[in-house]
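Scroll down for the structure; my scribbles are underneath it.
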Amino acid sequence: TMKTPGDANIPMNAESRFDLNAEKVEVVDASERIIPTPYKIEVSQDAQSFEFRGIDIQGIDLLGNHLHTGVTDLMDKLGIGRSGDHEVTLKLDDLNSDISGPESYSMEITPEGTSITAEASVGLFHGIMSFVGLLNIDDRDSVLKEMIIHDKPRFDYRGHQVDAARNFRSKEAIMKTIDAMALWKL
């Protein structure tokens, strides 16, 4: 209904909003799926896309007991196979001075495999969480593009507050929140 003569307002309903927003949907580049956005992503113009099924992590013992358990637990919950055809190699080494730090990592993704380099095990963990963010967990096959990712935390302290005193949450809800915090590198 028009409120005044010449009113250009078009009343919206669920169907018209869906149609309007469907026109704006674009194919999202996988590199935009990493939360939070990495410090730097390099994708060459001739970068190739490739498909693979499942990942095989090499050097997972570098994570230590607790982070190793966290990675395998999250991958199991997300249904990501750990005996696949794409090799992910973890290694501890020095990083460039612009991203240097214990939680920083560098990741190079190629059709032959992915290499994640960090100065400490927590950096390797963050690298794996970023790689998991790139995967299509709804499908058994994932498609990635060749790229190099350099990432470091923007803040020294990051966290999430759960007010359990005034808003009770079940144990399952808290555990899901902790899993999400790990995926978001908090």
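The values are calculated or read from the model by the stated rules, or taken from the named source; none is laboratory data. Since the model is a prediction, treat every value here as computed from it, not as a measurement. Neighbour counts are summed over all protein chains in view; Cβ atoms, including those assigned to glycine, are modelled from backbone coordinates with ideal geometry. What goes into the accessible areas is simple: the full protein's heavy atoms, side chains included, and nothing from ligands, DNA or RNA. Shrake-Rupley method; radii C 1.70, N 1.55, O 1.52, S 1.80 Å.
Magnitude of the charge dipole for the chain, about its Cα centre and with charges confined to Cβ atoms of Lys, Arg (+1) and Asp, Glu (-1), is about 980 debye.
Residues whose amide H comes within less than 5 Å of that of M147, counting only those at least five positions distant or on another chain, are I109 (H built at 1.01 Å from N in the peptide plane). For the residue pairs K77/K185; K40/K145; K145/K176; K91/K185; K91/K171, alpha carbon separations beyond 26 Å are given by K145/K176; K91/K171.
Taking the chain as a Gaussian network of alpha-carbon nodes connected by springs under 10 Å, the highest mean-square fluctuation of the residues R158, R17, R169 belongs to R17.
Each residue of region 11-18 is assigned a 3J(HN,Hα), and the resulting list reads x, 9, 10, 4, 5, 5, 5, 4 Hz, derived from the Karplus form 6.51 cos²θ - 1.76 cosθ + 1.60 (θ = phi - 60°), x at Gly and Pro. In the frame of its principal axes, the chain has Cα extents of 70, 53, 35 Å, reported largest first.
Across A164, A118, A14, mean-square fluctuation computed from a Gaussian network of the chain (C-alpha pairs under 10 Å connected) peaks at A14. Structure remark: mean-square fluctuation, Gaussian network model of the chain, C-alpha springs under 10 Å; the largest value among M175, M12, M75 belongs to M12. Ordering S170, A180, A118 by the projection of their Cα atoms onto the charge dipole of region 99-186, which places +1 on the Cβ of Lys and Arg and -1 on the Cβ of Asp and Glu, puts S170 at the extreme positive end. Shape of region 85-186 from its Cα gyration tensor (a ≥ b ≥ c, root eigenvalues): rounded if a/c is under 1.5, otherwise prolate when a/b > b/c, or oblate? It is oblate, given that a/c is not under 1.5 and a/b is not larger than b/c. With θ taken as phi - 60° and the Karplus curve 6.51 cos²θ - 1.76 cosθ + 1.60 applied, the whole-hertz 3J(HN,Hα) list for region 80-93 is 8, x, 9, 9, x, 9, 10, 7, 10, 9, 9, 8, 9, 6 Hz, x standing for glycine and proline. Under 5 Å between amide hydrogens, built in the peptide plane, is the criterion, and for I57 it picks out V88 among residues at least 5 positions away or on other chains. Calculated mean residue ellipticity at 222 nm for the chain: -8500 deg cm²/dmol, from DSSP H runs with n ≥ 4 weighted as -39500 (n - 2.57), summed, divided by the residue count and rounded to 500.
Run the accessible area of the chain with a 1.4 Å probe and give the carbon-and-sulfur part as a rounded percent. Don't jump to the answer; show the numbers that get you there.
Values: 6130 of 12150 Å².
Within the chain, the accessible surface is 50 percent carbon and sulfur.
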